[in-house]
Amino acid sequence: MMTLKKIALAAAVMAVPFMAQADLKALDDSDLASVTGQAGISIAGNFNSTIGSIVYTDTEAGVNDGSNSLSLNTVTLSGFNISENSPLTIDVVDNKLEIGLPTINGGVSVESVKIGASSIGGVAINDLNMAGSTVKIWGH
C-alpha cells in the first residue's frame, strides 16, 4: 500500500510542469516596441557608521597595562551619500564584473587619539571624494 502512495505522489509531482505550461504567442513589432530590458544594478543611499575604538598595542614591550598602546576613539564615518541621479553601478563588461564609483563625498573623524591614557588630540579627514574610481572583478 505504501508503494502505491509513493507512485501516486511521484506521478502528481511529474505532472505539475505540464499543468503550468503557458501558451506562447509571437510578438509583432508594435508589441516589441513596448518591451524594455536592463542589465546591471544601481545602488544609492546614505552611509554613516561609528567605531568605538581602534587600538594598537605593542606586545613586544612585555608590559600589558595599556601604557604601550595607541587608540583612536570614537571614529565616525559620516556624510557618505550616493545620489540616485549618480548611483554606484554594477555591470558585466567584457566578462568582468565592473563596479563604477560615482561621487561619494564624506568625512572621517577621530574624537581622540591616545597613547596609553594620555590624549594627544584628534584627527579629521574632510572632503573624501572617490569620484570616477572603477573596480573590476573577474575569475582566472
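Note on segment 67-89: residues that are closer than 15 Å to Ser109 by Cβ, within 23 Å of the chain's Cα centre (by Cα) and of a type in the set (S, T, N, Q) total 2.
One residue stands out among those in segment 126-136 that are out of contact with any Lys or Arg (no Cβ under 8 Å at 6 or more places or on another chain) and part of a strand (DSSP E or B): the one that is modelled with the highest pLDDT, which is Asn126.
To keep it simple, each residue is scored yes or no on (1) under 25 Å from Ile51 (Cβ atoms); (2) touching a Phe, Trp or Tyr at 6+ places or on another chain (Cβ under 6 Å); (3) not in a strand (DSSP E or B).
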| residue | (1), (2), (3) |
| --- | --- |
| Glu84 | no, no, yes |
| Val92 | no, no, no |
| Ile99 | yes, no, no |
| Thr103 | yes, no, yes |
| Ser119 | yes, no, no |
| Ala124 | yes, no, no |
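Just to be sure, is Leu97 at pLDDT below 80 and either on the phi > 0 side of the Ramachandran plot or surrounded by 13 or more Cβ atoms within 10 Å (Cβ to Cβ) (or both)? Taking the combined requirement at face value, the residue does not satisfy it.
The values are calculated or read from the model by the stated rules, or taken from the named source; none is laboratory data. All values reported here derive from a predicted model rather than from experimental measurement. All Cβ positions, glycine included, derive from the backbone under ideal geometry; neighbour counts span all protein chains shown.
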